[in-house]
Amino acid sequence: MRLIDARTNDGTLTIWLEGHVDSSNAAEVEREVTEAREAAAGLPVVIDCSRLEYISSAGLRVILRLRKETADLRLVEVSSEVYEVFDMTGFTEMLDITKAYRVISVDGCEAIGQGANGKVYRIDPDTIVKVYLNPDALPEIHRERELARTAFVLGIPTAIPYDVVRVGEGYGSVFELLNATSYAKLLARGEMGLDEVVGMSVELLKLIHSTTVKPESMPSMRDVAVGWAHDLEAYLPEELYGRLCGLIEGVPEDLHMMHGDYHIKNVMLQNGESLLIDMDTLCHGHPVFELASMFNAYVGYGELDHDVIPNFLGIPFETSCEFWDKSLRLYLADGPADVEDVREKAMIVGYTRMMRRSIRRGGLDTPDGQAFVGHCRQRLEELVPRHDTLVF
């Protein structure tokens, strides 16, 4: 009976160590590891320690000799107990060693939010977890953590994830939010009035937009939006397509922070303080792009089917439209910009994004999808010719 399990997949040799590796079996384990390496000569090696319960100094010497022969050796799914052994002996300083993630369940937990990339659950009174839709979301999770830290250091009130966990076949980020409640829930329950929540929302939005960032710290929303427009080349009349691209490309680069998915489910109130969540969309750019995403969340996606908004935000479509209108007016109240002009500029970007998203998700394959794509195209045909710039 073999002491290890070894498999080759996607150009990598993965070796599972099992049970105890100590003086009683270290030599045999090393022999089987060597055989596996020779059968997959030249491939990078990953040691999966998810089944490893204990490793002695004899087992450590096996790892050490393997490292000398395999420059890119990695150890993954290491339990806390085994990781402590590697850490105490200095192996964590010379090898790429990754701890195993603790496993949690969200069965029966309250779903308190949902965005494009994940769903947020409350797992106890003090803690929430964002479960990512992508089962291979580790790069996204680490990226969001860095973005959240960047925003926090710059003075944006946000929750920073303190742990990464396994949830089913995917991953989640754990946050401590101490009974925080989303703006959406406060409105839906009638615990706060519309004008009060609008005021808090716009105050936080202005703080975000007044914060300058380094260009390398987060993506440019302008570059992303240019990509949306270019993806519509085959679906718009040539003149309209060219004019739309010109409008979006003409927006100057702007290093002010944007959330990128700002709406009442992504802001929570905790002890009177607003906290921004869902930071994976954090970026920089001109505020027209943020206002566009707000238009989509509050109005755009529900224009043809009003039920979309209460299903997403938990408030009636009419209330959501009023929230958008009051938010826009309050946001622009201190400046000379014309509200209706800015509204249309945001809608141009919003319809571009929604049309592109629907097409990419198979919208042209269903009657409802075709109607929605046609609606976005019609609105672009009406709005784009009326504007020479999206800047305000």
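Key figures
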{"read-out": "Number of positions in segment 237-272 that are under 22 Å from the mean Cα position of the chain (by Cα) and crowded, with 21+ Cβ neighbours inside 10 Å", "value": "12"}
{"read-out": "Options M347, M355: the member that is under 21 Å from V202 (Cβ atoms), of a type in the set (A, V, I, L, M) and either open to solvent by less than 40 Å² (accessible area, probe 1.4 Å) or not in a helix (DSSP H, G or I) (or both)", "value": "M347"}
{"read-out": "Residue satisfying condition, being within 21 Å of S182 (Cα to Cα), of a type outside the set (K, R) and surrounded by 19 or more Cβ atoms within 10 Å (Cβ to Cβ), within set Y162, Y132", "value": "Y132"}
{"read-out": "Residues of segment 12-55 classified as closer than 17 Å to S79 by Cα, exposed (fewer than 14 other Cβ atoms within 10 Å of the Cβ) and of a type in the set (D, E, K, R), total", "value": "2"}
{"read-out": "Helices (runs of 4 or more DSSP H) completely within segment 90-191 that count 2 or more residues being in contact (Cβ under 8 Å) with a residue 12 or more places away in the chain and within 27 Å of H284 (Cα to Cα)", "value": "138-153, 183-188"}
{"read-out": "Enumeration of residues in segment 1-11 that are surrounded by fewer than 14 Cβ atoms within 10 Å (Cβ to Cβ) and either within 41 Å of the chain's Cα centre (by Cα) or within 21 Å of R61 (Cβ to Cβ) (or both)", "value": "R2, R7, T8, N9, D10, G11"}
{"read-out": "Residue satisfying all of: in segment 78-88; touching a Lys or Arg at 6+ places or on another chain (Cβ under 8 Å) and surrounded by 18 or more Cβ atoms within 10 Å (Cβ to Cβ); nearest to E18 (Cα to Cα) among these", "value": "V78"}
{"read-out": "Out of A71, A58, A100, A41, sole residue that is in contact with a strand residue (DSSP E or B) (Cβ under 9 Å, 6 or more places away or on another chain), of a type in the set (G, A, S) and more than 30 Å from V167 (Cβ to Cβ)", "value": "A58"}
{"read-out": "Selection count, segment 24-64, where residues are assigned to a helix (DSSP H, G or I), within 40 Å of the chain's Cα centre (by Cα) and within 21 Å of T8 (Cβ to Cβ)", "value": "6"}
{"read-out": "Subset tally (residues that are at pLDDT below 95, under 27 Å from V251 (Cα atoms) and surrounded by fewer than 20 Cβ atoms within 10 Å (Cβ to Cβ)) for segment 273-315", "value": "0"}
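Per-residue answers, yes or no, for (1) within 23 Å of N117 (Cα to Cα); (2) basic (K, R); (3) in contact (Cβ under 8 Å) with a residue 12 or more places away in the chain:
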site: G285; (1), (2), (3): yes, no, yes
site: E290; (1), (2), (3): yes, no, yes
site: F295; (1), (2), (3): yes, no, yes
site: Y298; (1), (2), (3): yes, no, yes
site: I309; (1), (2), (3): yes, no, no
site: L328; (1), (2), (3): no, no, yes
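The values are calculated or read from the model by the stated rules, or taken from the named source; none is laboratory data. These figures come from a predicted structure and were not determined experimentally. All Cβ positions, even for glycine, are placed from backbone atoms using ideal geometry, and neighbour counts span all protein chains on display. Areas reflect the complete protein model, heavy atoms only, side chains present, ligands, DNA and RNA absent. Shrake-Rupley method; radii C 1.70, N 1.55, O 1.52, S 1.80 Å.
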